[in-house]
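The structure under discussion appears below in the form of structure tokens.
Rule-based calculations on the coordinates, nothing more; no lab input. What you see is a predicted model; the values in this text were computed from it and never measured. Note that we place each Cβ from the backbone using ideal geometry, even for glycine, and neighbour counts take in every protein chain shown.
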């Protein structure tokens, strides 16, 4: 029973850090580091590096920077674009480290699965932010960012304390992503095309040729 419980906790931690990293990587590292250093979280040896004070301080500083950037219309999308190259590989590394000292094949598999979940979460967040930025008022950005921060903290707490509940919620989330992400990305691409035409970076689509009148 204990081995089964440990396995569930390991799976929940692995998928939890991957999921949350796609939303706010620095919050994940700061929470794990502080919790591990304070003794509230028992991290596997392969993830113990996040408990180092230098890592915690760097994550806390970057979290403060992201806290401001993520709540500013336009800046949030630029920030998300830049972090496409940071969140996904970091999420894969955290997921691989969360499984602990196991067979290298298991670590690689965890990294691949974790990186995929991080990419899906990141794409959902970034695409949604592009759509939110079409609204002229800043409150929707601020509210969305606060909701994302709360989701990260609540998700990590659930993964650590109620792993089965977290895994069920993650399953529902991934189903919704499969259904909604293509629509979100298409809508976001449409926004970028309109923005490109407005800035003169792309040519407007040619008007359809007039159809000949039918013979009398």
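Sort 163-174, 23-34 for me by packing, meaning the mean count of neighbouring Cβ atoms within 10 Å per residue, highest on top. Please report the intermediate quantities before stating the final value.
On the way: 163-174: 15.7, 23-34: 23.8.
Result, highest mean first: 23-34, 163-174.
Relative to the longest principal axis of the Cα atoms of the chain, the long axis of helix 139-161 makes an angle of roughly 30 degrees. Could you work out how far the C-alpha centroid of the range 1-40 sits from that of the range 110-132, in angstrom? Measuring centre to centre over Cα atoms gives 18 Å. Taking 0.36 nm per residue of separation and subtracting the current Cα-Cα distance, fully stretching the chain between residue 55 and residue 150 would add 32.0 nm.
Report, in degrees rounded to the nearest 10, the 0 to 90 angle that the Cα long axis of helix 84-98 makes with the longest principal axis of the chain. Compared with the principal axis, the helix lies near 30 degrees. Normalising the average separation of contacting C-alpha pairs (under 8 angstrom, six or more residues apart) by the number of residues puts the relative contact order of the range 1-149 at 34 percent. Listed by Cβ neighbour count within 10 Å, with the fewest neighbours leading, 79, 19 appear as 79, 19.
More than 27 angstrom separation, counting every C-alpha pair in the range 2-197; what % is that?
Values: 5345 of 19110 pairs.
Tail of the P(r) past 27 Å holds 28 percent of the pairs.
Pop out the Kirkwood hydrodynamic radius of the range 59-148 from its pairwise C-alpha distances, inverse of mean 1/r, in Å to one decimal. With all distinct Cα pairs of the range 59-148 included, I get 14.2 Å. Only DSSP H runs of four or more residues enter the estimate; each adds -39500 (n - 2.57), and after division by the residues of the chain the mean residue ellipticity at 222 nm equals -27000 deg cm²/dmol. Per-residue Cβ neighbour counts within 10 Å put 93, 68 in the sequence 68, 93, beginning with the fewest. Computed from Cα positions, the angle between helix 2-38 and the longest principal axis of the chain comes to roughly 60 degrees.
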